[in-house]
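Here the structure is laid out as structure tokens; the discussion comes afterwards.
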Amino acid sequence: MKFRVYHLVIFFCLFNISCITTYANRINDSLPASSLHPYGRFAFNDRQHVELISSACNVGFSFEGRECSVFAYIFNASEHNYLQYELDGVYQKKIRIEGNNKKPIVINASSNGTHTVWIYKTTEAQTGPIFIEKITGKKLMPLKKPEAALIEFIGNSITCGAAADASETPCGTGVYHDHHNAYYAYGPRVARSLGINFIMSSVSGIGIYRNWNSDGPTMPQVYEKTDFQDSSQRLWNFETYKPNVVSIALGTNDFSGGDGKKERLPFDSATFVSNYIKFVQLIKSKYPAAQIALLSSPMLNGERMIALQNYLTLIKQHIDALYPSDKPVALFFFKQMQARGCSGHPNVEDHAILADELIPFFKKLL
């Protein structure tokens, strides 16, 4: 009898230890970055941490309970960058990532149950990447983007959502990317409204044949690079996505007068049109089936606004003649806007206006 009791005691002790261990492991589940499904321009480093590169590049996952932790970092200890996130489909906030901070980002839910999280890179590729190492929490599962139509938004600072958000850092203070908000830029707004997917290929200050205050590197020179860096050896794999529509919004910086200090030659319309046509041909070589849409600029007005519209019309005519069996190039001209963001850019409210203008246009194309 004593022998039986002894064995029963040992059995229950081992059972309880096993249960406690299993429970502890469930509470401290770890989802490695290698299991995530990033969407946008991304890469994996040699430690299999995901590198979020482009504006609004995002990853999704679900967890159970009231909280989870995201282990994210940047390489430069003296700099900072930003993420932002949705919880259960509702936008929450921007999160500042310090270069010397090793603490995880804790995401809290107001109730138990299963919750979904989508994390977005707030800033653009030129700001530098943000790396995600892992997610910890309970019953973690990676999420994939649902099958849906896709628009790729190519553009400059406007498309990035740069200089749009002064809610935490007033205009004229901080550094340039403190005012970024890719989530609330017009492209992601259009995509959310139409229930489709998006990727953003945008660089502040960039143009077709010259940039805001320099001769290059321009978008045609960096577009094929994974991180939009001219010196980069990493080439983007264009088989990763097959957009239904490619939206191109360039020209603002080609028309720019620069900073007024550095020598700036007069605008060269022939070079602008020629380079734009070649760039559209490059896009067509990557995505033969995609509908091309050319957008004007809400930051130009008067004669420059009219000139850009005329050149885009001319570019459309050239492309349509070169590709008579393809879908004709679509044109969209923004209404004139008095932008209210930093340094004359649209702010988040202005981006809502731009998105409202664009939604019927893209809905028709899709």
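I want to confirm something. Restricting to region 226-279 and keeping residues that are under 28 Å from the mean Cα position of the chain (by Cα) and aliphatic (A, V, I, L, M), which single residue is farthest from residue 211 (Cα to Cα)? Going through the qualifying residues, I end up with 245.
Taken over region 334-355, residues that are within 16 Å of residue 161 (Cβ to Cβ) and open to solvent by 50 Å² or more (accessible area, probe 1.4 Å) amount to 4. Just one of the numbered conditions (1) assigned to a loop (DSSP other than H, G, I, E, B); (2) buried (at least 19 other Cβ atoms within 10 Å of the Cβ) is not true of residue 263: (2). I want to confirm something. Restricting to region 160-175 and keeping residues that are more than 17 Å from residue 84 (Cα to Cα) and either in contact with a Ser or Thr (Cβ under 7 Å, 6 or more places away or on another chain) or in contact (Cβ under 8 Å) with a residue 12 or more places away in the chain (or both), which single residue is surrounded by the fewest Cβ atoms within 10 Å (Cβ to Cβ)? Looking at residues that are more than 17 Å from residue 84 (Cα to Cα) and either in contact with a Ser or Thr (Cβ under 7 Å, 6 or more places away or on another chain) or in contact (Cβ under 8 Å) with a residue 12 or more places away in the chain (or both), I get 172. Just to verify a result, which residue in region 125-159, among those that are assigned to a loop (DSSP other than H, G, I, E, B) and among the charged types (D, E, K, R), is least open to solvent (accessible area, probe 1.4 Å)? Restricting to residues being assigned to a loop (DSSP other than H, G, I, E, B) and among the charged types (D, E, K, R), the top hit is 145. Evaluated against (1) out of contact with any strand residue (DSSP E or B) (no Cβ under 8 Å at 6 or more places or on another chain); (2) free of Cβ contacts under 8 Å to residues at least 12 places away in the same chain, residue 225 falls short on exactly one condition, (1). Within region 179-211, the set of residues being over 27 Å from residue 284 (Cβ atoms), of a type outside the set (S, T, N, Q) and touching a residue at least 12 places away in the same chain (Cβ under 8 Å) comprises 179, 180, 183, 184. Here the condition is being aliphatic (A, V, I, L, M), in contact (Cβ under 8 Å) with a residue 24 or more places away in the chain, touching a strand residue (DSSP E or B) at 6+ places or on another chain (Cβ under 6 Å) and open to solvent by 20 Å² or more (accessible area, probe 1.4 Å); of 294, 331, 314, 322, it holds for 331 alone. Within region 142-153, residues that are under 20 Å from residue 363 (Cα atoms) sit with their Cβ atoms under 9 Å from residues that are among the basic types (Lys, Arg) and open to solvent by 50 Å² or more (accessible area, probe 1.4 Å), at 6+ positions apart or across chains, in these pairs: 150/242. In this structure, residue 103 does not qualify as under 23 Å from residue 168 (Cα atoms), open to solvent by 80 Å² or more (accessible area, probe 1.4 Å), free of Cβ contacts under 8 Å to residues at least 12 places away in the same chain and part of a strand (DSSP E or B).
Among the numbered conditions (1) in a helix (DSSP H, G or I); (2) within 17 Å of residue 154 (Cβ to Cβ); (3) open to solvent by 30 Å² or more (accessible area, probe 1.4 Å), the only one that residue 288 does not meet is (1). Filter region 85-118 for residues that are touching a His at 6+ places or on another chain (Cβ under 6 Å) and charged (D, E, K, R); which is nearest to residue 141 (Cα to Cα)? That would be 88. Total residues in region 206-237 satisfying the condition of being closer than 24 Å to residue 329 by Cα, open to solvent by 20 Å² or more (accessible area, probe 1.4 Å) and not hydroxyl-bearing (Ser, Thr, Tyr): the figure is 3.
Restricting region 242-254 to residues that are part of a loop (DSSP other than H, G, I, E, B) and out of contact with any Asp or Glu (no Cβ under 7 Å at 6 or more places or on another chain) leaves a set whose member that is surrounded by the fewest Cβ atoms within 10 Å (Cβ to Cβ) is 242. Of all residue pairs spaced 6 or more apart or on separate chains, none has beta-carbon atoms under 8 Å together with a first member in region 86-98 that is within 11 Å of residue 115 (Cβ to Cβ) and open to solvent by 60 Å² or more (accessible area, probe 1.4 Å) and a second member that is in a strand (DSSP E or B) and acidic (Asp, Glu). If the condition is being under 21 Å from residue 188 (Cβ atoms) and among the charged types (D, E, K, R), then region 216-257 contributes 227, 242. Here is the figure for region 185-240: residues that are part of a helix (DSSP H, G or I) and among the hydrophobic types (A, V, I, L, M, F, W, C) total 5. Per this entry, residue 289 is not counted among residues that are among the small types (Gly, Ala, Ser) and under 21 Å from the mean Cα position of the chain (by Cα).
The values are calculated or read from the model by the stated rules, or taken from the named source; none is laboratory data. The structure displayed is predicted, hence computed values, not measured ones. As a convention, Cβ positions derive from the backbone with ideal geometry for all residues, glycine included, and neighbour counts pool all protein chains shown. Calculation scope for accessible area: heavy atoms of the full protein, side chains included, ligands and nucleic acids excluded. Shrake-Rupley method; radii C 1.70, N 1.55, O 1.52, S 1.80 Å.
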